[in-house]
Amino acid sequence: MMGLPRSVADALQSVTHSQRALAYLQINDELTLVGAGGSLENYGLGALALGRPALDQAAFLEGLLPLLETPYLLPSVELAGGRAADLHFYLADESVWVVLLDVTAERDQARRIQQRAYEMTLLREQEALLNRRLEATNAALRATQLELETSREALLRAHQRMQSELAEAAGYIRSLLPAPMSQPFAIDWRFVPSTELGGDAFGYNWVDPDHFALYLLDVCGHGVGPSLLSIAVLHLLQAASERDVDFRNPSLVLKALNERYQMETDHDLFFTLWYGVYHPATRRLDYGCAGHPPAVLMEAGTQSVQLLKAKGLPIGLKPDVAYACESVIVPGDSRLYLFSDGAYEVEGPDGTMMRSEDLIHFLKHPGMDGQSDLDRLFQHLVQMRGANALEDDFSIVRFMF
């Protein structure tokens with residue numbers, strides 16, 4: 001410690017001994033250990049024996065002796081017991097002096113720094129990988145969103161086309177329905193198709209000068225398919241054009257329709273139908289029913305009710321079916337109602353369902369405000385449903401004889 005005061009030099013030497021655990025080895029030209037001292041135990045060298053080969057007792061010197069140059073520093077050498085030391089080699093007095101200074105703390109600190117650097121590098125790599133994955137996921141989400149938007153637009157266009165087609169079909173069906181009549185008897189009706197358009201249709205016409213046909217049909221399902229079938233049947237009944245069929249005989253008409261329109265050949269569609277023929281001269285009404293709700297005949301004076309039903313399966317379910325024909329004499333000042341199940345099978349928000357008995361009770365008690373019982377019925381159903389539209393077609397025809 002040239003130039004330092006003796007006291008300072010001694011203090012520095014003391015610090016070096018205490019904090020650096022200084023130790024030394026003296027090795028002669030024959031590589032024999034001839035001297036040792038300092039904190040040898042710190043490096044696992046407490047059992048050194050003088051006079052014995054140095055390399056046999058200090059394996060960390062293997063390949064380093066004899067020295068090629070001096071002084072020489074070999075930093076941070078790992079020693080037994082997990083310690084690390086800087087090895088300083090000096091040549092003096094025909095001996096090699098090996099000075100050991102403990103750098104275990106520095107090595108550990110360097111390892112910690114290196115570990116933190118590795119962890120930071122790993123974190124950066126993980127962050128970069130996560131960012132790449134997020135970017136890929138976002139790109140996939142954007143692509144999916146674009147596909148969904150494209151699909152939504154396509155679905156919206158398809159829905160609009162379908163709604164347009166349904167509106168056109170409903171308008172066409174309405175154009176085929178006969179106008180209300182006042183002579184020789186009064187006929188009025190209401191037809192409100194559902195948003196999905198069902199298969200309801202009805203009509204009335206003279207079969208010949210003495211016989212008047214009246215009918216209402218309901219094709220299963222909703223959409224254009226059922227409406228097209230209802231139109232075809234309506235055309236046939238209006239024209240009374242089926243060959244070899246007497247349209248004054250309900251049982252023959254129903255049988256002919258059943259043979260013509262079978263589910264197997266009509267896209268699994270079937271329909272119900274009430275068909276009647278009225279003879280004004282005798283007030284006789286012949287009728288048949290193919291799985292349809294019965295017509296309701298009410299006599300105004302007595303409020304008595306007759307359900308005009310007859311045995312018969314829906315049209316199209318099964319071939320070779322016989323249909324019964326029933327007859328009734330219509331009392332004077334009577335009302336006859338034809339309707340589909342959409343005129344009463346309405347479910348309220350609380351899950352309650354209106355029944356045919358409820359419909360009959362409603363029709364038996366017309367309002368006192370002069371409003372049509374048909375309009376009052378529709379408003380009642382809409383109010384009961386709790387919505388602006390019904391789930392099924394609303395079709396009802398009233399005949400006043």
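The values are calculated or read from the model by the stated rules, or taken from the named source; none is laboratory data. The structure displayed is predicted, hence computed values, not measured ones. Note that we place each Cβ from the backbone using ideal geometry, even for glycine, and neighbour counts take in every protein chain shown. With ligands, DNA and RNA removed, areas are computed over all heavy atoms of the protein, side chains included. Shrake-Rupley method; radii C 1.70, N 1.55, O 1.52, S 1.80 Å.
Structure notes:
- The conditions of being without any contact (Cβ under 8 Å) to a residue 40 or more places away in the chain, among the β-branched types (Val, Ile, Thr) and surrounded by 24 or more Cβ atoms within 10 Å (Cβ to Cβ) are met by residue 253.
- Close pairs from segment 258-285: first of a type in the set (Asp, Glu), partner surrounded by 20 or more Cβ atoms within 10 Å (Cβ to Cβ), Cβ under 9 Å, at least 6 apart: 264/316; 266/229; 266/316; 268/316
- Options 204, 172, 215: the member that is aromatic (Phe, Trp, Tyr), part of a helix (DSSP H, G or I) and touching a residue at least 12 places away in the same chain (Cβ under 8 Å): 172
- Of the residues 281, 290, 239, 213, the single one that is among the small types (Gly, Ala, Ser), modelled with pLDDT of 95 or more and open to solvent by 40 Å² or more (accessible area, probe 1.4 Å) is 281.
- Enumeration of residues in segment 222-233 that are open to solvent by 40 Å² or more (accessible area, probe 1.4 Å) and not in a helix (DSSP H, G or I): 222
- The residues in segment 293-331 that are aliphatic (A, V, I, L, M), farther than 18 Å from residue 218 by Cβ and open to solvent by 10 Å² or more (accessible area, probe 1.4 Å) can be counted, and the count is 6.
- From the list 166, 155, the lone residue that is open to solvent by 100 Å² or more (accessible area, probe 1.4 Å), among the aliphatic types (A, V, I, L, M) and modelled with pLDDT under 90 is 155.
- A single member of 68, 130, 134, 122 is under 60 Å from the mean Cα position of the chain (by Cα), without any contact (Cβ under 8 Å) to a residue 12 or more places away in the chain and open to solvent by 90 Å² or more (accessible area, probe 1.4 Å), and it is 130.
- Residue in segment 332-347 that is nearest to residue 220 (Cα to Cα), counting only those that are assigned to a strand (DSSP E or B) and of a type outside the set (D, E, K, R): 339
- Residue satisfying all of: in segment 348-373; assigned to a loop (DSSP other than H, G, I, E, B) and among the hydroxyl-bearing types (Ser, Thr, Tyr); most open to solvent (accessible area, probe 1.4 Å) among these: 352
- Picking from residues in segment 19-44 that are without any contact (Cβ under 8 Å) to a residue 60 or more places away in the chain and in contact with a strand residue (DSSP E or B) (Cβ under 7 Å, 6 or more places away or on another chain), the one that is farthest from residue 94 (Cα to Cα) is 43.
- Filter result for residue 390 (open to solvent by less than 30 Å² (accessible area, probe 1.4 Å), assigned to a loop (DSSP other than H, G, I, E, B) and either touching a helix residue (DSSP H, G or I) at 6+ places or on another chain (Cβ under 6 Å) or not small (Gly, Ala, Ser) (or both)): yes
- Of all residues in segment 293-320, those satisfying the criterion of being under 45 Å from the mean Cα position of the chain (by Cα) and under 18 Å from residue 260 (Cα atoms) are 312, 313, 314, 315, 316, 317, 318, 319.
- Unique residue being acidic (Asp, Glu) and more than 26 Å from residue 211 (Cβ to Cβ) when the list is 326, 345: 345
- Taken over segment 182-201, residues that are surrounded by 14 or more Cβ atoms within 10 Å (Cβ to Cβ), touching a strand residue (DSSP E or B) at 6+ places or on another chain (Cβ under 9 Å) and either in a helix (DSSP H, G or I) or not β-branched (Val, Ile, Thr) (or both) amount to 11.
- If you go through segment 76-94 and keep only what is more than 21 Å from residue 35 (Cα to Cα), small (Gly, Ala, Ser) and surrounded by 11 or more Cβ atoms within 10 Å (Cβ to Cβ), you end up with 76, 81, 84.
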